[in-house]
Amino acid sequence: EVPIVLEDVRSPTMKSKDESELSFEFKNGVDTVFEFKIVRKSTGAVLFDTSIGSFVYNDQFLQIATKLPKDSNVYGFG
C-alpha cells in the first residue's frame, strides 16, 4: 500500500447531521447483508439504495449493486 497522508477535510461550514438535507440509513444483521440508503428528507425520495444486491468490499475490489431513481443522472461513479 502506498502511504497517503489524509488531512482533515471537515469544514467549519459543514452541516451537522440534523441540518443535512440527506438521511443515511444502514442495515447490517446476522440474516441480512450490509445495505444502505440515502434519502432526501424533504421529499422522501430515495437517491441511492444498495438493498437490491450485495455490497462486497475486499482487497483492491469493491462491488456495489444499487437501484437508482427513474430518469436519474449519475456522474463520476464508475
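Rule-based calculations on the coordinates, nothing more; no lab input. Just so we're clear, the structure is a prediction, and the values are computed from it rather than from any experiment. Virtual Cβ from ideal backbone geometry, glycine too; neighbours counted across all protein chains shown.
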Quick check for you: which residues of region 25-58 have the amide N under 11 Å from the point 7 Å beyond the Cα of L68 toward its beta carbon? 48
What residues qualify as long-range amide H neighbours of F48, i.e. H under 5 Å apart, gap of 5 or more or another chain, H built at 1.01 Å from N? I38
Sorted by chain and number, the residues with a modelled amide H under 5 Å from that of L22, at a separation of 5 or more or across chains, are K41
Listed by chain and number, the residues whose amide H is under 5 Å from that of V33, excluding neighbours fewer than 5 places away on the same chain and using placed H, are none
Whether region 23-74 is rounded, prolate or oblate, judged on the alpha carbon gyration tensor where a/c under 1.5 counts as rounded: oblate
Ordered by residue, what ³J(HN,Hα) values in Hz, to whole numbers, does region 42-50 give under the Karplus form 6.51 cos²θ - 1.76 cosθ + 1.60, where θ = phi - 60° and Gly and Pro are x? 5, 10, x, 5, 7, 8, 8, 9, 9
